[in-house]
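Sharing a structure here in structure tokens format.
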Amino acid sequence: MTDTLPKVTLPVEFTPRLDFYWQNVAVYAVTLIVYVVLRAIWESTLQQGQISVVVGDPVVVLLGVFVVISTTGLIVNSLANRTVIISEQGITFTSRFHERTFSNDDIERISVGRDHRIKVRGVFSVVKIRIRDRRRLLRIRPALYHDEHAMVAALLALRGRKARTS
């Protein structure tokens with residue numbers, strides 16, 4: 001498994017993928033436009049040169065809500081500017097508003113595998129990190145970040161360094 005991973009030198013910075021959000025915005029907006037045009041053709045108002053949108057139409061409201069929610073998610077996540085930095089000293093989660101660092105002393109175990117609760121694309125669906133003095137595992141889904149294979153390789157390199165120092 002590790003022989004197919006790229007070689008990485010620590011520290012490495014990873015940013016999340018935002019393509020899911022803009023794809024949702026595009027699909028919902030195109031669907032909304034197509035629905036409005038088909039509805040106008042059905043009501044024969046397009047031949048008169050006008051398109052009347054019934055805002056009270058449940059389909060228009062539902063698609064409009066999806067467009068607004070997807071756009072809001074895209075804006076919030078792009079403004080948050082989140083990154084994960086994996087270095088020889090530990091793992092740092094940063095955003096525009098907050099920074100949290102877990103040092104090698106805080107990390108008890110790093111395991112790479114599949115999460116059976118959710119289907120996520122990619123070879124490695126979840127990395128579980130056991131943190132000292134924390135009840136729940138810290139879960140990182142590498143498929144949600146750019147260059148997921150390099151992220152897994154960096155986490156495995158961190159785990160290897162931790163095992164050598166222990």
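The values are calculated or read from the model by the stated rules, or taken from the named source; none is laboratory data. Keep in mind the model is a prediction, meaning the values are calculated, not measured. All Cβ positions, even for glycine, are placed from backbone atoms using ideal geometry, and neighbour counts span all protein chains on display.
Could you please tell me which pairs satisfy a Cβ distance under 7 Å, a separation of 6+ or placement on different chains, a first residue in the stretch 63-90 that is on the phi < 0 side of the Ramachandran plot and of a type in the set (Gly, Ala, Ser), and a second residue that is surrounded by 14 or more Cβ atoms within 10 Å (Cβ to Cβ) and in a helix (DSSP H, G or I)?
Here the result reads Gly64/Leu32; Ser70/Tyr21; Ser70/Asn24; Ser70/Val25; Ser70/Tyr28; Gly73/Tyr21, each pair linking the stretch 63-90 to a residue that is surrounded by 14 or more Cβ atoms within 10 Å (Cβ to Cβ) and in a helix (DSSP H, G or I).
Among Phe124, Phe20, which is in contact with a Pro (Cβ under 6 Å, 6 or more places away or on another chain), modelled with pLDDT under 90 and not in a strand (DSSP E or B)?
Numbers: Phe20 fails: in contact with a Pro (Cβ under 6 Å, 6 or more places away or on another chain).
One residue alone meets the criteria, Phe124.
Let me ask something additional. Counting only residues that are surrounded by fewer than 16 Cβ atoms within 10 Å (Cβ to Cβ) and not hydroxyl-bearing (Ser, Thr, Tyr), which one in the stretch 75-93 is nearest to Glu13 (Cα to Cα)?
Phe93
Being under 12 Å from Ser78 (Cα atoms) and touching a residue at least 40 places away in the same chain (Cβ under 8 Å) is the filter here, so list the residues in the stretch 16-38 that pass it.
Once the filter is applied, which keeps residues that are under 12 Å from Ser78 (Cα atoms) and touching a residue at least 40 places away in the same chain (Cβ under 8 Å), the stretch 16-38 yields Pro16, Arg17, Leu18, Tyr21, Trp22.
Spot the failing condition for Glu99; the list is (1) of a type outside the set (Gly, Ala, Ser); (2) surrounded by 13 or more Cβ atoms within 10 Å (Cβ to Cβ); (3) in the same structural domain as Lys7 (by TED's automatic domain parsing); (4) at pLDDT 90 or above, and only one is missed.
In the conditions (1) of a type outside the set (Gly, Ala, Ser); (2) surrounded by 13 or more Cβ atoms within 10 Å (Cβ to Cβ); (3) in the same structural domain as Lys7 (by TED's automatic domain parsing); (4) at pLDDT 90 or above, Glu99 misses (2) alone.
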